[in-house]
Amino acid sequence: MPMLTLISEIQPSSHRDRHTLFCDFDGPLLDVSRRYYCTYSLALRETQKELAALGEVWRPRRLSFRQFWSMKQAHLPDPAIAQRSGLAPEHFERFLKHVRSRVNQPGLLKLDRLQLGVRWAFSLIQQAGLDLSIVTLRPEAEVREILQREHLDHCVTEIFGGDSDLTAYENPVSIKRQILGQAIAAANAAGRPGLAMVGDTEADVLAAQAHAVPAVALTCGIRSRRYLEGLEPDAIYPNLLIFCHQQLRVLQPS
């Protein structure tokens, strides 16, 4: 995958010619894999209990974490994961109801962790003279709370988020495109034009392409490199830190 010449040619910026880097939250900055797997496991257990109460004996074939996450990274839909776990089609919606009701519970949200190297990456972004705008499907208040808890809120210029707890899990491209449009408009109005959109899913890549913004895909999130390659982003990196090292190093003051 070639270098992003748009980024690599920019020199250290002053306040009057700053640029903005747009970045998704879940995936690039936050590892949600444990929460998603725990949600899946609990949903299976609740479905089993409900069926037992109805007199139907069913023993789930719970996938291992590795199996489950590889399916999520391949963008296998939840009904297909349910089927691989031994559920009959008539019980898919019962299982999905439990997934949706649990995935954003406070006890499970605590399982999310910062991706490795995020603090260092934020430091490089600041050294490069870039503003950082979070463009996410999560509600803004949730993102702000996590950033404050991790003492990283001072690294972020603005947060553009969704309006529902479930939007991030459902990952609709149309809403991500709309939110990115808002972020681009705000950056342009402030005289800090967008540099690239960094994300880990089809919503990020397709939204960036719709707005003619360079799309940088990261494989540390919920989609595999093979899947992301099919979307033809401008560049693919393992994580945000490696992207910053390879793309932003020329921006750092000598």
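Which residue is nearest to ARG34 (Cα to Cα), if the candidates are limited to the stretch 63-84 and must be assigned to a loop (DSSP other than H, G, I, E, B) and out of contact with any Phe, Trp or Tyr (no Cβ under 8 Å at 6 or more places or on another chain)?
Start the filter on the stretch 63-84 by keeping residues that are assigned to a loop (DSSP other than H, G, I, E, B), which leaves 63-64, 74-77.
Okay, now just the ones that are also out of contact with any Phe, Trp or Tyr (no Cβ under 8 Å at 6 or more places or on another chain), so 64, 76-77.
Working: SER64: 12, LEU76: 17, PRO77: 18 Å.
Step by step, filter the stretch 63-84, then rank; the result is SER64.
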task = Could you list all residues from the stretch 196-213 that are under 21 Å from PHE122 (Cβ atoms) and touching a helix residue (DSSP H, G or I) at 6+ places or on another chain (Cβ under 6 Å)?
result = MET197
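Could you please let me know if LEU21 is under 23 Å from PRO214 (Cβ atoms) and either free of Cβ contacts under 8 Å to residues at least 40 places away in the same chain or crowded, with 17+ Cβ neighbours inside 10 Å (or both)? Show your work before the answer.
Details: under 23 Å from PRO214 (Cβ atoms): yes; either free of Cβ contacts under 8 Å to residues at least 40 places away in the same chain or crowded, with 17+ Cβ neighbours inside 10 Å (or both): yes.
Yes, satisfied.
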ask   = If you go through the stretch 19-32 one residue at a time, do you hit one that is in the same structural domain as GLY162 (by TED's automatic domain parsing) and modelled with pLDDT under 95?
value = yes
task = Can you work out which of the residues in the stretch 142-182 that are under 17 Å from the mean Cα position of the chain (by Cα) and of a type in the set (Val, Ile, Thr) is surrounded by the most Cβ atoms within 10 Å (Cβ to Cβ)?
result = VAL143
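Given the options GLU202, GLU232, name the one that is over 20 Å from ARG119 (Cα atoms), surrounded by fewer than 21 Cβ atoms within 10 Å (Cβ to Cβ) and either in the same structural domain as SER70 (by TED's automatic domain parsing) or without any contact (Cβ under 8 Å) to a residue 40 or more places away in the chain (or both).
Values: GLU202 fails: either in the same structural domain as SER70 (by TED's automatic domain parsing) or without any contact (Cβ under 8 Å) to a residue 40 or more places away in the chain (or both).
Every option except GLU232 fails the conditions.
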query = Quick one: GLN115 ticks every box in (1) under 12 Å from THR47 (Cβ atoms); (2) crowded, with 16+ Cβ neighbours inside 10 Å bar one, so which box is it?
reply = (1)
inquiry  = Let me confirm something: among ARG138, ARG144, which residue is part of a helix (DSSP H, G or I), of a type outside the set (A, V, I, L, M, F, W, C) and either touching a residue at least 40 places away in the same chain (Cβ under 8 Å) or in the same structural domain as ALA203 (by TED's automatic domain parsing) (or both)?
reply    = ARG144
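The values are calculated or read from the model by the stated rules, or taken from the named source; none is laboratory data. Small disclaimer: the values here were computed from a predicted structure and weren't measured. Here the Cβ is made from the backbone with ideal geometry for all residues, glycine too, and neighbour counts use every protein chain on show.
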